[in-house]
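Structure record follows, encoded as structure tokens.
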Amino acid sequence: MLIDFREKTAAERYFLMAKSVVPRPIAWIATQGKVLNLAPFSYFTPLSSEPPTMIVSIGHRPDGTPKDTLRNLRDTKKCVIAIIDEAHFEAMHLSSKDLGPLESEAEAFGIATRKVIEGYPPMPEGIKVAFFCDYLQEVALPGSQTIPVIVEIRHLYLDDRIITDKEKIDIACHAIARVGRGYATLDYSLKTPDIP
């Protein structure tokens with residue numbers, strides 16, 4: 001089967017991409033506006049190690065206004081991107097609900113947070129992997145309803161409990177990813193096989 005994307009609607013293309021680009025890591029993004037905003041995004045991936053960057057596609061609200069994450073990133077230029085595990089799965093899923101701009105997901109759903117680095121938003125308590133990032137730039141996609149945003153990684157937080165080798169900074173954690181329309185656990189402890 002060969003599918004011509006020009007003959008598909010945006011929704012049909014989305015589902016085809018979501019079902020075939022698997023797994024997709026989830027960026028649980030904390031940004032600070034008038035309130036702390038927590039929101040998950042699965043159109044997200046590392047982009048480059050020089051400069052150390054990641055890209056996340058952020059949609060708009062149904063009325064066409066920017067989502068809180070995008071507005072806060074544009075205003076403050078700071079975010080924390082947490083990689084979630086099973087312990088945070090339910091809270092992450094709840095935080096995907098559409099709340100008003102003056103409603104904090106942390107408060108609405110009882111998600112405890114902690115401040116790690118001054119100048120950056122707090123992150124959810126108990127997170128094992130988090131990236132402290134600065135807004136770098138947006139990518140203009142003609143006709144798109146989403147805004148790809150590039151952020152530059154300034155700091156990486158790792159919970160000591162997942163570090164298996166402090167010299168090599170090897171980690172072992174179980175992250176949650178989107179697989180099609182569902183979710184799956186990813187085991188970070190797999191080793192790369194030796195190449196002869």
- Message: Rg and Dmax in Å for segment 45-134, alpha carbons only: what are they?
- Response: 13.7, 38
- Task: Go through segment 53-67 residue by residue and turn each phi into a ³J(HN,Hα) via Karplus (6.51, -1.76, 1.60, θ = phi - 60°); whole Hz please, and just put x for glycine and proline.
- Result: 9, 9, 10, 9, 9, 10, x, 10, 5, x, 7, x, 7, x, 5
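When only the heavy atoms of the protein chains count and the probe is 1.4 Å, how do V22, V35 rank by accessible area, highest first?
Working: V22 65, V35 30 Å².
Ranking V22, V35 by accessible area, largest first, yields V22, V35.
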- Once A172 and D63 are pulled to full extension, the length gained, defined as 0.36 nm per residue separation minus their Cα-Cα distance, is 35.1 nm
- So for R0 = 35 Å, FRET eff. of Y157-V21 from the Cβ-Cβ r, to 0.05, ends up at 0.85
- Message: Compute and list, largest first, the equivalent-ellipsoid semi-axes of segment 51-96 from the alpha carbon gyration tensor, each √(5λ) rounded to a whole angstrom.
- Response: 21, 17, 9
- Item | Residues with amide H under 5 Å from that of I58, placed H, sequence gap 5 or more | I147, V149
- How large is the Kirkwood hydrodynamic radius of segment 12-65, in angstrom, based on all distinct alpha carbon pairs? 13.2
- Item | Mean shadow area of segment 1-95 over all directions, Cα convex hull, nm² | 8.6
- Straight-distance crosslink candidates among lysines, where the alpha carbon sits under 16 Å from K168 and sequence neighbours closer than 8 are dropped: K191
- When the Kirkwood radius is taken over all Cα pairs of segment 84-188, what Stokes-Einstein diffusion coefficient follows at 20 °C and 1.002 mPa s, in µm²/s? 132
- Note on the structure: The aspartates and glutamates whose Cα lies under 20 Å from the Cα of K97, excluding any fewer than 8 residues away in the same chain, are D63, D68, D85, E86, E105, E107, E125
- Task: Mind putting together the pair-distance distribution for the chain? All Cα pairs, 5 Å bins, whole percent per bin, short to long.
- Result: 1, 7, 14, 19, 21, 17, 11, 6, 3, 1, 0, 0
- Query: Which lysines have a Cα lying under 18 Å from the Cα of K19, excluding residues fewer than 8 positions away in the same chain?
  - Reply: K8
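The values are calculated or read from the model by the stated rules, or taken from the named source; none is laboratory data. The model shown is predicted, which means the values in this text are computed figures rather than measured ones. Ideal geometry is used to build each Cβ from the backbone, glycine not excepted, and the neighbour counts take in all protein chains shown. SASA here: full protein model, heavy atoms, side chains in, ligands and nucleic acids out. Shrake-Rupley method; radii C 1.70, N 1.55, O 1.52, S 1.80 Å.
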